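The values are calculated or read from the model by the stated rules, or taken from the named source; none is laboratory data. Quick caveat: nothing in here was measured; it's all calculated off a predicted structure. Quick reminder, even Gly has a Cβ in these numbers, built from the backbone with ideal geometry, and neighbours come from all protein chains shown. The accessibility values were calculated without ligands, DNA or RNA, using every heavy atom of the protein model including side chains. Shrake-Rupley method; radii C 1.70, N 1.55, O 1.52, S 1.80 Å.
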Amino acid sequence: MITFPCCKINLGLNVVARRPDGYHDIETVFYPVPLYDALEIKKMNEDFPSDVGCDIKVTGNTLGNLPDEENIVVKAYNLLATDFDLPRIHAHLYKRIPSQAGLGGGSADGAFMIRLLDERFRLNMGIAEMERYAARLGADCPFFITAETAYATGIGDILQPADNASGNLDGYHLAIVKPEVSVSTREAYQMLTPKKPAKCCRDIVRQPIETWRNELTNDFEGPVFRMHPEIGAIKDALYDMGALYAQMSGSGSAVFGIFKEITESVDTLKEDLLWVTL
């Protein structure tokens, strides 16, 4: 059985408070993007000589590939296997979503593995139960259980409907630019001073997209652009090329631009570029 984990962008990202546990409360709108990995599982033959419940093969964009036992797909299997009688399986993950980009590709793979195991082996979990398991894999993993536009608070795990955000972008084109830069999320957080934004991102994304540039902000851009000015230069270039809105996604390093039409000038950027129609 096969499934296709999608990625996401953040429409606005505000770090609003530091928590007693050392994490941070955020406000953001998670927006699903039709750029996919592929994840396939098959039952392992009883005679196959493997001492693990889930062995995994990763192909495609394998930048930043982890040892098998640290792969979030394997972690998702092991998490469910503690509570359900799962057979041994082979998993094949084909990576197309750029890694270490702020696009949630790894989180999507883990959440979609939970969904896939639930469907394939008839575990009869509801959405709420799958979200609870997904939250144990990562803060933004629950979003990918339904992969529907959502307003996220807490550490990114408390989800509410975003109300018409998706309708604003129907038919627009998304350019995703991934520079060859790795961003330290920990360092970026250390350089931030949490504060409530002037206007909530959920309210801004309900407005016409032409108003977003002056109001919809990502708090990580300040420290990340100081550490890696080439990322900020990509955002400026996307605006120069006609983007209606441009922003770094998550804590980076990918930057996206929203366009009415695909424009060939973006192809001149000397970075990995993906076009997606929303």
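Would you confirm, using the coordinates I've provided, whether residue 159 is touching a residue at least 12 places away in the same chain (Cβ under 8 Å), buried (at least 21 other Cβ atoms within 10 Å of the Cβ) and either at negative phi or not in a strand (DSSP E or B) (or both)?
Values: touching a residue at least 12 places away in the same chain (Cβ under 8 Å): yes; buried (at least 21 other Cβ atoms within 10 Å of the Cβ): no; either at negative phi or not in a strand (DSSP E or B) (or both): yes.
Spelling it out, it is not the case that residue 159 is touching a residue at least 12 places away in the same chain (Cβ under 8 Å), buried (at least 21 other Cβ atoms within 10 Å of the Cβ) and either at negative phi or not in a strand (DSSP E or B) (or both).
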(request) Of all residues in the stretch 84-123, count the ones that are modelled with pLDDT of 95 or more and polar (S, T, N, Q). (result) 1
(message) Restricting to the stretch 182-207, name every residue that is in contact (Cβ under 8 Å) with a residue 60 or more places away in the chain and either more than 17 Å from residue 23 (Cβ to Cβ) or in a loop (DSSP other than H, G, I, E, B) (or both).
(response) 182, 183, 192, 194, 195, 196, 197, 200, 201, 202, 204, 205
(message) If I filter the stretch 137-147 down to residues being assigned to a helix (DSSP H, G or I) and within 15 Å of residue 118 (Cα to Cα), which single residue comes out as most open to solvent (accessible area, probe 1.4 Å)?
(response) 146
(message) Against the condition out of contact with any strand residue (DSSP E or B) (no Cβ under 6 Å at 6 or more places or on another chain), modelled with pLDDT under 95, acidic (Asp, Glu) and surrounded by fewer than 17 Cβ atoms within 10 Å (Cβ to Cβ), how does residue 267 come out, does it pass?
(response) yes
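On the basis of being surrounded by fewer than 18 Cβ atoms within 10 Å (Cβ to Cβ), under 22 Å from the mean Cα position of the chain (by Cα) and farther than 19 Å from residue 174 by Cβ, does residue 59 make the cut?
Details: surrounded by fewer than 18 Cβ atoms within 10 Å (Cβ to Cβ): yes; under 22 Å from the mean Cα position of the chain (by Cα): yes; farther than 19 Å from residue 174 by Cβ: yes.
So residue 59 fits the description; yes.
Would you point out the residue of the stretch 1-28, among those that are closer than 23 Å to residue 76 by Cα and within 18 Å of the chain's Cα centre (by Cα), that is surrounded by the fewest Cβ atoms within 10 Å (Cβ to Cβ)? Working first, answer last.
At the first step, the residues of the stretch 1-28 found to be closer than 23 Å to residue 76 by Cα are 1-9, 23.
Retained after the next criterion (residues that are within 18 Å of the chain's Cα centre (by Cα)): 3-9.
Details: 3: 17, 4: 15, 5: 28, 6: 19, 7: 30, 8: 28, 9: 28.
Among residues in the stretch 1-28 that are closer than 23 Å to residue 76 by Cα and within 18 Å of the chain's Cα centre (by Cα), the one surrounded by the fewest Cβ atoms within 10 Å (Cβ to Cβ) is 4.
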(request) Specify the residue that is nearest to residue 274 (Cα to Cα); the eligible residues are those in the stretch 97-136 that are open to solvent by 40 Å² or more (accessible area, probe 1.4 Å) and under 18 Å from the mean Cα position of the chain (by Cα). (result) 100
(message) Out of the residues in the stretch 181-202 meeting the condition of being open to solvent by 40 Å² or more (accessible area, probe 1.4 Å) and modelled with pLDDT of 90 or more, tell me which one is farthest from the chain's Cα centre (by Cα).
(response) 198
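So is residue 70 within 26 Å of residue 254 (Cβ to Cβ) and open to solvent by 10 Å² or more (accessible area, probe 1.4 Å) or not? Walk me through it before giving the result.
Values: within 26 Å of residue 254 (Cβ to Cβ): yes; open to solvent by 10 Å² or more (accessible area, probe 1.4 Å): yes.
Yes; evaluated as a whole, the condition is true for this residue.
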(request) Give just the number: which of (1) open to solvent by 30 Å² or more (accessible area, probe 1.4 Å); (2) under 19 Å from residue 158 (Cα atoms); (3) in contact with a Leu (Cβ under 9 Å, 6 or more places away or on another chain); (4) among the aromatic types (Phe, Trp, Tyr) does residue 31 not satisfy? (result) (1)
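Could you list, in sequence order, all residues of the stretch 65-80 that are over 12 Å from residue 113 (Cα atoms) and either modelled with pLDDT of 95 or more or touching a helix residue (DSSP H, G or I) at 6+ places or on another chain (Cβ under 9 Å) (or both)?
We begin by selecting, within the stretch 65-80, every residue over 12 Å from residue 113 (Cα atoms); these are 65-70.
Scanning the stretch 65-80 gives 66, 68, 69.
Among 230, 210, which is the only one that is under 21 Å from residue 189 (Cα atoms), open to solvent by 50 Å² or more (accessible area, probe 1.4 Å), acidic (Asp, Glu) and not in a loop (DSSP other than H, G, I, E, B)? Before you say what the answer is, go through the steps one by one.
Working: 210 fails: under 21 Å from residue 189 (Cα atoms).
After ruling out the rest, the residue left standing is 230.
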